[in-house]
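Trainee: The structure that follows is given in the form of structure tokens.
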Amino acid sequence: MKPSMMIMDHDVAKDILTADSKYFPSRFTYNHANADPMTATLFNLRGDHWKDLRKEVTQAFTTAKLKKAFHRIHFETKSLVCGTQAKLNNYGPELDIRELVLKHMISTLSIFGLGVNCNIYEDGNVYDKIMYYFEDNRYPPWIRSIIASFPDFFKKFSIVVTPSGMKEFYLGLVKNALKTRNPKGDVDFIMQVFLKMFSGTMTNQEIASLYASFLDAIVTTSGSFICEALYEMSLHPDMQEQLRKEIHQQTEELTLETLKKYEYLDNVVSETLRLHHSDAQISRLCEKDYYIPKWDLTIEEGVLIIIPNFGFQMDPDNFPNPDTFDPDRFAGGALDNINPITFMPFGMGNRNCIAGDFGRTLFKITVLEMVKNFEFTVGKKTQVPIEYQPLELRMPMNKLYLNVRSLK
């Protein structure tokens, strides 16, 4: 186990993640490209391999690409509305919102990642398989915790942490996508970048690993955030009505630019990201002695740095009454006056979330369309508070039931 230091000072934490990130370029996580290729992802990789891959994949998530993708994202969200209405018609008012939203996430990333429409609302096999690999683990939590604490040690033994069958499943998805995608299409911008990388020498397995990691990130972050936002709206009907009123007051066509005019929606999204953050801490490995003049202290090479970003977001000195869901704390451009280190839901610096803008846009459009078309209230099966999965990103452990009423 590495010696560790938790950084509570805002200025020092910001320097470590940004100005002095060259001293802390890597996360301390397990990856083994040969024994367990599904772990060789942007999140886990280190050194030049990570740097080269990050530089190339960034091209898939530019503002220009997001503008180009916006209308298709909106179209996919309307499919979620139709899927929710169909569920409502067939099964009654109390629905598992988690399943509906996660299907939407998988469907959307299938379009943009692979150029494939998986018809997930009609065919549940793909959803069941993907969720099986998300929720199944090769080892029990206590063993995974040990591996996470000693990743370099276990790498010597070529430990495989990926669930059995997962590599073959995603490899099959990629091979099928390469056969069926339209090579002249412009929707699957993630796949397009993959295919151009390394002068065409990128293998199907590398594409499968990257796609699975993006899918995992979108489902476990944006998917969870959307569920949690709708959950909070059900607990606070006055806020839900205020959001719905803002939505109906906007008459312009929905575009990436006009989406910025939904101020209360943006506040709801920001407050959901603050209160229900997916990652409790950010870790960085010191790879070169680092001197902190403010403390007259040198952090030695090999020390693991932990930055408690969720702790910052729940600190009453940063956000009064932090356990209260209050979108108005972000009203009137307040976000511009908040110290960025105290609110970084997508990280900060050169290892921040590469798809943060894509995820936030998807989050906003989905909440907008769902609140516009449905009313959400607490039902008999609604679990209050939400129980999260142990040792994982803050994914709800169980189904998330809400009462849903169509407003059409």
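Trainee: Take the chain, compute every pairwise Cα distance, and split them into 20 Å bins from 0; I just need the percent in each bin.
Mentor: Taking all Cα pairs of the chain, the binned fractions are 25, 59, 15, 0 percent.
Trainee: Please state the relative contact order of the stretch 271-408 as a whole percent: Cα pairs under 8 Å, 6+ residues apart?
Mentor: The normalised contact order for the stretch 271-408 reaches 22 percent.
Trainee: Treating cross-link reach as a plain straight distance, find the aspartates and glutamates whose alpha-carbon is under 16 Å from the alpha-carbon of residue 65, omitting any fewer than eight places away in the same chain.
Mentor: Straight-line reach from residue 65, under 16 Å: 56, 186, 188, 257, 357.
Trainee: Under the definition of Cα pairs under 8 Å and six or more residues apart, what whole-number percent is the relative contact order of the chain?
Mentor: 27 percent
Trainee: I want to verify a result. In a Gaussian network model of the chain, Cα cutoff 10 Å, which of these has the top mean-square fluctuation: 163, 320, 396?
Mentor: Among 163, 320, 396, the largest GNM mean-square fluctuation belongs to 320.
Trainee: Please report how far the C-alpha centroid of the stretch 260-278 lies from that of the stretch 134-180, rounded to the nearest whole angstrom.
Mentor: Answer, in whole Å: 32.
Trainee: Shifting gears a bit: Which value in nm describes the separation of the simple spin-label points at residue 62 and residue 249, placed 7 Å from the Cα toward the beta carbon?
Mentor: 3.6 nm
Trainee: Pairs to check: 22/155; 67/399; 51/260; 22/51. Give those whose C-alpha atoms are more than 22 Å from each other in this structure.
Mentor: Over 22 Å apart, Cα to Cα: 22/155; 67/399; 51/260.
Trainee: Evaluate the Kirkwood expression for the hydrodynamic radius of the stretch 298-408, namely the inverse of the mean inverse distance over all pairs of different C-alpha atoms, and round to one decimal in Å.
Mentor: Over the stretch 298-408, the inverse of the mean reciprocal pair distance is 17.5 Å.
A short reminder: the numbers here are calculations on the coordinates, not readings from a lab. Model, not experiment: these values are computed from the prediction. Heads up, the Cβs are rebuilt from the backbone with ideal geometry, glycines too, and the neighbour counts pull from every protein chain shown.
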